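K.L.:
So that we are looking at the same thing, I have put the structure below in structure tokens.
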Amino acid sequence: MDHDLGADFAKAVAAKDHERVRTLIHPEVDFQAMTPGEFWHASCPDEIVDILEEWFGEDDLIEAVEVLECDGFADRKRVGYRLRVKRPDGQYLIEQQAYLSERDGQIGWLRILCSGYRPSSGSS
């Protein structure tokens, strides 16, 4: 089942579908992320949703998933995704690489590395 978890997570993030994110994340998740300038930690789905709401605020319109790549190695899965985001001050691209492991059909271990918001002319 975990072969779809990464893509499902990326699509839920892009849609700002926080309920879907909660269903994908194990209640006792081990989560860490790194964005330019900050490290993030969470141990439950609600904490991850809170973090996503900080990363992608109310005024951030995620217009498209530009890239979605999934694969795996050893006991981990990887999903890379690039999002086109419109903010009040312009158009941006943001890319994240996520590594995950399944636990009881949900994401039980998750690490994300984020590029931060990069200015874009409106195309990838």
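K.L.:
Could you tell me which of the residues 19, 28 is in contact (Cβ under 8 Å) with a residue 40 or more places away in the chain and either surrounded by fewer than 18 Cβ atoms within 10 Å (Cβ to Cβ) or in contact with a helix residue (DSSP H, G or I) (Cβ under 6 Å, 6 or more places away or on another chain) (or both)?
P.N.:
On inspection, the qualifying residue turns out to be 28.
K.L.:
Does residue 64 count as among the aliphatic types (A, V, I, L, M), in contact with a strand residue (DSSP E or B) (Cβ under 8 Å, 6 or more places away or on another chain) and buried (at least 19 other Cβ atoms within 10 Å of the Cβ)? Can you show your working first?
P.N.:
On the way: among the aliphatic types (A, V, I, L, M): yes; in contact with a strand residue (DSSP E or B) (Cβ under 8 Å, 6 or more places away or on another chain): yes; buried (at least 19 other Cβ atoms within 10 Å of the Cβ): no.
For residue 64, the condition - among the aliphatic types (A, V, I, L, M), in contact with a strand residue (DSSP E or B) (Cβ under 8 Å, 6 or more places away or on another chain) and buried (at least 19 other Cβ atoms within 10 Å of the Cβ) - is not met.
K.L.:
Tell me whether the stretch 9-21 contains one or more residues that are part of a strand (DSSP E or B) and out of contact with any Phe, Trp or Tyr (no Cβ under 6 Å at 6 or more places or on another chain). Walk me through it before giving the result.
P.N.:
From the stretch 9-21, those part of a strand (DSSP E or B) are none; that's our starting set.
Scanning the stretch 9-21 turns up no residue that is part of a strand (DSSP E or B) and out of contact with any Phe, Trp or Tyr (no Cβ under 6 Å at 6 or more places or on another chain).
K.L.:
Could you tell me which numbered condition residue 56 fails, if it satisfies all but one of (1) at pLDDT 95 or above; (2) more than 15 Å from the chain's Cα centre (by Cα); (3) buried (at least 16 other Cβ atoms within 10 Å of the Cβ)?
P.N.:
So residue 56 meets the others, but not (2).
K.L.:
Out of the residues in the stretch 15-53 that are among the small types (Gly, Ala, Ser) and over 14 Å from residue 96 (Cβ atoms), state the one that is modelled with the lowest pLDDT. Talk me through it step by step, then tell me what you get.
P.N.:
The first filter runs over the stretch 15-53 and keeps only residues among the small types (Gly, Ala, Ser), leaving 15, 33, 37, 42-43.
Keeping just the survivors that are over 14 Å from residue 96 (Cβ atoms) gives 15, 37, 42-43.
Working: 15: 97, 37: 92, 42: 98, 43: 98.
Looking at residues that are among the small types (Gly, Ala, Ser) and over 14 Å from residue 96 (Cβ atoms), I get 37.
K.L.:
Within the bounds of the stretch 28-51, is there any residue that is in contact with a Gly (Cβ under 9 Å, 6 or more places away or on another chain), of a type outside the set (D, E, K, R), under 20 Å from residue 5 (Cα atoms) and not in a loop (DSSP other than H, G, I, E, B)?
P.N.:
Applying the first criterion (in contact with a Gly (Cβ under 9 Å, 6 or more places away or on another chain)) to the stretch 28-51 yields 28-30, 35-37.
Keeping just the survivors that are of a type outside the set (D, E, K, R) gives 29, 35-37.
Applying the additional criterion that residues be under 20 Å from residue 5 (Cα atoms) yields 29.
Imposing the further condition that a residue be not in a loop (DSSP other than H, G, I, E, B) reduces the set to 29.
The answer is yes; a qualifying residue exists.
The values are calculated or read from the model by the stated rules, or taken from the named source; none is laboratory data. Predicted, not measured: the structure shown is a model, and the values here were computed from it. Glycine also receives a Cβ, built like all others from the backbone with ideal geometry; neighbour counts cover every protein chain displayed.
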